[in-house]
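In what follows, a structure is listed as C-alpha cells, so that the remarks can point back to it.
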Amino acid sequence: MSTEVLVLNRNHEPLNICHYRRALGLIFTGRAEVLETNGLLIRSERLTLHMPSVVRLAYQVRRPVPELRLSRRSILARDAYTCQYCGQQRRALTIDHVVPRDSGGEHTWENLVCCCTQCNNLKGNRRPAEAGLKLRRPPRRPRYIPFISYSAFHSAVQNDQWRAYLMPFAPRPSQS
C-alpha cells in the first residue's frame, strides 16, 4: 500500500512528499484539495474515502529558492545510480573525483561522478584517460532545484501518477 502523497503548491509546483495521514489532515481542514487518488480505500466506522495520491494546497506557499547541496545522495540521483565509466547499475556505488584531489581536483558538482567499486579501483588516483576510462557524459550541476530533495524528486518521477505533475520540472537529460 502506497502511503506517500505528493503535495503541490497552488501553482502546481512540487513542494513535498508526505504520509497520507498528513494529506488527509490538510484535506479535512480545507487547506488542500485532492487531484489524484491511488485507487485504495480508507475505511472508518462512518466514512469511506479514496486514498489521495496527489494534493494541491489551497494557498500559495512562498519559499526561498532552495540551495542544492552537494551530497552523495544527490550525486547518485543525478547520475541515475549508474556508473559513469562502465554504465552498470550496481549496488556497490561510490563517488569518484574525476580529477583526483591531489592533482588539483575540487570537491564540486563538475568533478564528482557516480562510480562502481570496480571502475573506481581500476581508475585509482589517476585521471580517467590515464586509466583507459572514458566518462559517459560530463558531470554538471543540476539546473533545476526542487523544493523536495533532489534524490526524492528523481525517485518520485518514477511514480506513474506523479509523473505528469513532475515532468514540467524534471531536468532534461542534458541538464542533469
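For segment 14-111, applying the loop criterion from DSSP together with a ceiling of 12 other beta carbons within 10 Å to the chymotrypsin sites (Phe, Trp or Tyr not before Pro) yields Tyr59.
Measuring how big segment 72-123 is from its alpha-carbon positions, Rg and Dmax come out at 10.3, 29 Å. Helix content alone sets the calculated 222 nm mean residue ellipticity of the chain: runs of n ≥ 4 DSSP H residues at -39500 (n - 2.57) each, divided across all residues, give -5500 deg cm²/dmol. Just need the Rg to Rh number for the chain, please, alpha carbons only, Kirkwood Rh. We get a ratio of 1.10 for the chain. For segment 4-113, applying the loop criterion from DSSP together with a ceiling of 12 other beta carbons within 10 Å to the GluC sites (Glu not before Pro) yields Glu45, Glu67, Glu106. From the alpha carbon centroid of segment 94-119 to that of segment 58-81 is 21 Å.
Sites listed here are trypsin sites (Lys or Arg not before Pro) in segment 2-110 whose DSSP assignment is loop and whose Cβ has at most 16 other Cβ atoms within 10 Å: Arg10, Arg31, Arg46, Arg62, Arg69, Arg90, Arg91.
Any read-out appearing in this document is the output of simple, stated calculations on the displayed coordinates, not a laboratory observation. Source: prediction; values computed, not measured. In this analysis, Cβ positions are derived from the backbone assuming ideal geometry, glycine residues included, and neighbour counts consider all displayed protein chains.
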